[in-house]
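Structure first, commentary second.
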Amino acid sequence: QVQLVESGGGLVQAGGSLTLSCAASGSIFNSYDAGWYRQAPGRAREFVASTNWQGNVDDYSPSVKGRFTIVRDTSKRMLFLRMNNLQLEDTGTYFCVAGPDYGTVRYAEGNSRVSWGQGTQVTVSS
């Protein structure tokens with residue numbers, strides 16, 4: 001029972017940086033693993049990054065590793081995605097997700113035990 005709301009998306013030039021945020025309602029969020037997915041136009045939604053409930057074990061898609069950083073602030077019940085050196089292929093709608101364990105978050109698509117945000121748009125221009 002977690003409600004998630006993303007924000008921070010926008011237009012940025014290639015090579016620039018942007019930070020996305022996800023605000024969660026429901027105390028159970030701080031006991032949940034959480035992560036980020038994205039969906040480009042005409043493509044399936046794909047995994048971007050995840051973090052455990054403690055915020056000390058992270059996982060990244062190879063396409064963003066070294067450029068993106070996932071962070072959670074348990075005191076504020078918030079999740080962040082810091083994106084650096086953005087490229088054109090990073091364009092898409094970004095979603096935050098939360099679930100009771102690693103498996104439900106890492107493989108969240110179609111899993112009824114996860115909560116999804118509504119998404120925030122990121123557009124990278126040349």
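Where a number appears in this text, it was derived from the coordinates with a stated rule and is not lab data. These figures come from a predicted structure and were not determined experimentally. Ideal geometry is used to build each Cβ from the backbone, glycine not excepted, and the neighbour counts take in all protein chains shown.
For every other residue with a beta carbon closer than 9 angstrom to the beta carbon of PHE80, add +1 if it is Lys or Arg and -1 if Asp or Glu, then tell me the sum.
Working: positive: ARG72, ARG82; negative: ASP73.
Spelling it out: positives minus negatives among the neighbours equals +1.
Net charge near VAL114: determine it from the other residues with C-beta under 14 Å of the C-beta of VAL114, scoring Lys and Arg +1 and Asp and Glu -1.
Local net charge: 0.
How many nm separate the modelled label positions at VAL57 and ALA40, each set 7 Å beyond the Cα in the direction of the Cβ?
3.1 nm
Starting at the first residue of region 56-65, write each ³J(HN,Hα) from the Karplus equation 6.51 cos²θ - 1.76 cosθ + 1.60 with θ = phi - 60°, in whole Hz, x for Gly and Pro.
Residue by residue, region 56-65 yields 10, 10, 10, 9, 9, 5, x, 6, 10, 4 Hz.
Show me, for region 100-109, the HN-Hα J-couplings you get by feeding each phi into the Karplus relation (A = 6.51, B = -1.76, C = 1.60, θ = phi - 60°), rounded to Hz, glycine and proline as x.
x, 7, 4, x, 5, 8, 5, 10, 7, 4
Give me the compactness ratio for region 1-116, meaning the Cα radius of gyration over 2.2 N^0.38 Å.
On the way: Rg = 13.2 Å, N = 116, 2.2 N^0.38 = 13.4 Å.
This ratio for region 1-116 stands at 0.99.
Determine ³J(HN,Hα), in whole Hz, for all residues of region 12-17 in sequence, where each value follows from phi through the Karplus function 6.51 cos²θ - 1.76 cosθ + 1.60 and θ = phi - 60°; x replaces Gly and Pro.
9, 7, 3, x, x, 10
Tell me what the chain gives for mean residue ellipticity at 222 nm when only DSSP H runs of n ≥ 4 count, each as -39,500 (n - 2.57), the sum divided by the residue total, rounded to 500 deg cm²/dmol.
Per the formula, -1000 deg cm²/dmol.
To the nearest 0.05, how large is the calculated FRET efficiency for ASN111 and GLN87 if R₀ is 22 Å and r is the Cβ-Cβ distance?
Efficiency, from the Cβ-Cβ distance: 0.15.
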